[in-house]
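The values are calculated or read from the model by the stated rules, or taken from the named source; none is laboratory data. The structure displayed is predicted, hence computed values, not measured ones. Cβ atoms come from the backbone with ideal geometry, glycine included; neighbour counts cover every protein chain shown. We work out accessible area using only protein heavy atoms, side chains counted, and drop any ligands, DNA or RNA first. Shrake-Rupley method; radii C 1.70, N 1.55, O 1.52, S 1.80 Å.
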Amino acid sequence: MTLSASSTLSDKIKRWRNVGKSRGESGQDQSDEVDELGKVWWYESVSVLSVCAPCISCGSFLGYTSSAVPSMIKDVATFGVLNSHQIALIGGLGPLGAILGSIISAIPLKYVGPRRTIALLGISMLILSWVTIGMSHGIVLVYVGRFLGGVGVGATISSAPLYVMDISCIQRRGRLGIMPQFLMISGILISYILGAFLNWSNLSLVACTFLILAAILIAFAPDSPKWLITNGKCEQGFKVLEKIHGTVAAKVIALNMENTSQTISSNPQGEEIWKSKATYKSILVCLVVISIQQLTGVNGITFFATSIFDRSSSSTTSSGHLSSIILATTQLIASFMSTFFVERFGRTFLLKISSATLTLSSLTLGTYFYLLVDNTDFLWLPLTALVIFAFGFAIGLGPVTWIIVAEILPQQVRNLINPLIIGYNWFCVFLVTTSFPYLKEEIYYFGVFWLYAAVAGLGFIFICIFVPETKGLDDPNFFNNCCTHLDDSNAGNECDLRAIYYPPIPNETEIPVGTIRCAEHTDYELCTLLFQDDIGGLEVKTSLGKWTSATPIPGSILVNTGDLLEQWTSGYFPATKHRVIIPGKEIDRRMTRYSFAYFFAPDNSTIISPLTSRSSILQKFCNGEENYWNDKASTAPTAYEHIIAKVKAAYQY
Ligand SMILES: O=C(O)CCC(=O)C(=O)O
Ligand SMILES: [Fe+2]
């Protein structure tokens, strides 16, 4: 099925290419213009927002417990006197449903793609949940609603990031990538704000109204182009890509998507990867980082923030609701900041800062509840500490955990393991939210926060010892960043276009066949584009050391690999040894020969140390090799140093 779908796409793209060619031949190549006209810059952002809008409702669902439980407790007529078991269930059934939602979403994700999974499983379950809760006349229907909504949240949160990855172009992927999380925190904030004015029932009915709007938005959004292309709907998939990237780039991306899906489906290393110890070690590291993310208690706080503030005396100066709103706003701002920091400072640095901040703030909160809760001089303390806690979480452990999971898991196991990891994450949320009401009765608030502080402290140690830095391992812009002159003409580089003139040999001069005009050498740069006329004479040395003639082919460009490419790829692409000799044919010898060579070099400052593949770095890390990430320690030359040294050696006179 995949194969026949892909071949349709390849055929179509071949035809498109030919259309471009015939235009070019008639001297009227307008493909660039069409490209620009094809781009609709807002299309992908609006699509991402439309498909991810239900994440707002997921946030409101998570924040609902905090906002609604106080008014449920007051509503004795409907619920009787709520005990801590019942409150724990209201908190815990949502994440329990989410475990189910994230696991079963794998089926619609495969057959109908991420957009329809969100619409059919996410939105429908959430609407059902809000209506059930809003209309309930007793606690049982609230339980049912919480579980159903959890299924919707699990499905939405698993599918939204996939949609964003599939539809956004590389330049905007980072920023659009945080959209699901950003919308979710906004949803938490909205539910805290509305919770200050509305009771449990009206709050859920308002949330339901919003979802109807989200359902309309998602109905008009396009499907994931990747899903379309890999499921035989090539034309529709290409149209979506064309609107985002323009015609020319869309062809390349469509082919890439097709190739990747073929590689993954044929899965050459599928068996091998499960025999490697490194695979299990990276899965283990992911699970522990997720445990740290969740067991430091953030969801205990999100689900019960209002009650925590009401317990601390700060509620006499600011209501519990207001404090919760401040908390969620802090999280929103910090998660936005983390998108900038994560590329600048790396993943492990943010995780360390984050776990250290959580340790200190939880320790402070525990101590406050132990010593100072009745001391009116310290009313400012709980809110300040919780704001620092929320900031510390949202800047590091919140978002960076997911980046680590995406980057550390070997590609071949990612699809299989991801749903389990997401399911495990919800299990931890369930554990924390269900245990919170019990723990606060058994070991009191101070005990709960000291427990969270202990987890965060151990987490800090684990991160320092076991979590590898993965920044830059998967950087799709790596080569663009090394060759910025593509965009910026000021960046220093040794790119060179040379017109080479070989004078005709005068009729009276006799020169033996095979006489050398340009001696054996390799080019110094990354690669050379060589445009030769039809006289000939260029020879290339094969890997067996034999000279073979690179006879000019009309309309083609010869590409020579250069020294820098050889060094960069540790010899995977050896630099081509070549030379130019006097042509064999008498008539060619008496003619002028021209060639044009474009020597392509990266930016001067680029360090040309052998690139290590992401899998080999992780392999080394997992095998316990100390210097697993040694690129930075390398003393390799810069591109400029290499080229200048070669030029100096060649022209010593
Ligand atoms: O003229 C040619 O065909 C080759 C020139 C060349 O190899 C060079 O300039 O590096
Ligand atoms: Fe050359």
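Averaging sequence separations of C-alpha pairs under 8 Å and six or more residues apart, then dividing by the length of the stretch 506-577, give the relative contact order as a whole percent.
Over the stretch 506-577, the number comes to 35 percent.
For the stretch 342-451, compute Rg over Rh where Rg is the Cα radius of gyration and Rh is the Kirkwood radius from the inverse mean 1/r over Cα pairs. Each step should come with its number before you reach the end.
Details: Rg = 17.1 Å, Rh = 15.9 Å.
Reported Rg/Rh, Kirkwood definition of Rh: 1.07.
Run the accessible area of the stretch 67-204 with a 1.4 Å probe and give the carbon-and-sulfur part as a rounded percent.
Taking all protein chains in place, the stretch 67-204 shows 73 percent carbon and sulfur surface.
Suppose we look only past 14 Å in the calculated P(r) of the stretch 527-586. What percent of the Cα-Cα pairs does that tail hold? Intermediate values should be presented prior to the final figure.
Working: 1058 of 1770 pairs.
Distances greater than 14 Å cover 60 percent of the Cα pairs.
Amide H neighbours of Arg593 under 5 Å, at least 5 residues apart or on other chains, H built in the peptide plane: list them.
The answer is Tyr502.
I want to verify the translational diffusion coefficient of the stretch 478-602 in µm²/s; compute it with Stokes-Einstein, Rh as the Kirkwood radius over Cα pairs, at 10 °C and 1.306 mPa s. Present the calculation step by step, with values, prior to reporting the outcome.
Working: Rh = 15.9 Å.
Estimated diffusion coefficient is 100 µm²/s.
Please give the peptides 346-357, 555-566 ranked by average Cβ packing (other Cβ atoms within 10 Å per residue), highest first, as a rough proxy for protection. Don't skip to the answer; put the middle values down first.
On the way: 346-357: 21.8, 555-566: 17.2.
Those peptides, ordered most packed to least, come out 346-357, 555-566.
In Å², what does the accessible area per residue of the stretch 478-602 work out to with a 1.4 Å probe?
Value returned for the stretch 478-602: 58 Å² of accessible area per residue.
For a protection proxy built on the mean count of beta-carbon atoms within 10 angstrom, sort 382-392, 76-86, 445-455 highest first, please.
Numbers: 382-392: 22.5, 76-86: 12.5, 445-455: 20.9.
Descending packing order for the listed peptides: 382-392, 445-455, 76-86.
Ignoring ligands, DNA and RNA, what percent of the accessible area of the stretch 380-445 is carbon or sulfur (1.4 Å)? Intermediate values should be presented prior to the final figure.
On the way: 1740 of 2480 Å².
Exposed carbon and sulfur together represent 70 percent of the surface.
Using per-residue counts of other Cβ atoms within 10 Å, averaged over each peptide, order 211-221, 239-249 from highest down.
Working: 211-221: 15.9, 239-249: 20.7.
Order by mean packing, descending: 239-249, 211-221.
Of all accessible surface on the stretch 478-602 at a 1.4 Å probe, what whole percent is carbon and sulfur? Don't skip to the end; give the middle numbers.
Details: 4270 of 7260 Å².
Taking all protein chains in place, the stretch 478-602 shows 59 percent carbon and sulfur surface.
Go ahead and run the numbers for FRET between Asn83 and Phe340, Cβ-Cβ distance against an R0 of 45 Å, rounding to 0.05.
0.50
Among the listed pairs Lys110/Lys281; Lys110/Lys243; Lys243/Lys281; Lys275/Lys541, which are separated by more than 31 Å between their Cα atoms?
On the way: Lys110/Lys281 28 Å; Lys110/Lys243 24 Å; Lys243/Lys281 42 Å; Lys275/Lys541 40 Å.
From the list (Lys110/Lys281; Lys110/Lys243; Lys243/Lys281; Lys275/Lys541), the Cα-Cα distance tops 31 Å for Lys243/Lys281; Lys275/Lys541.
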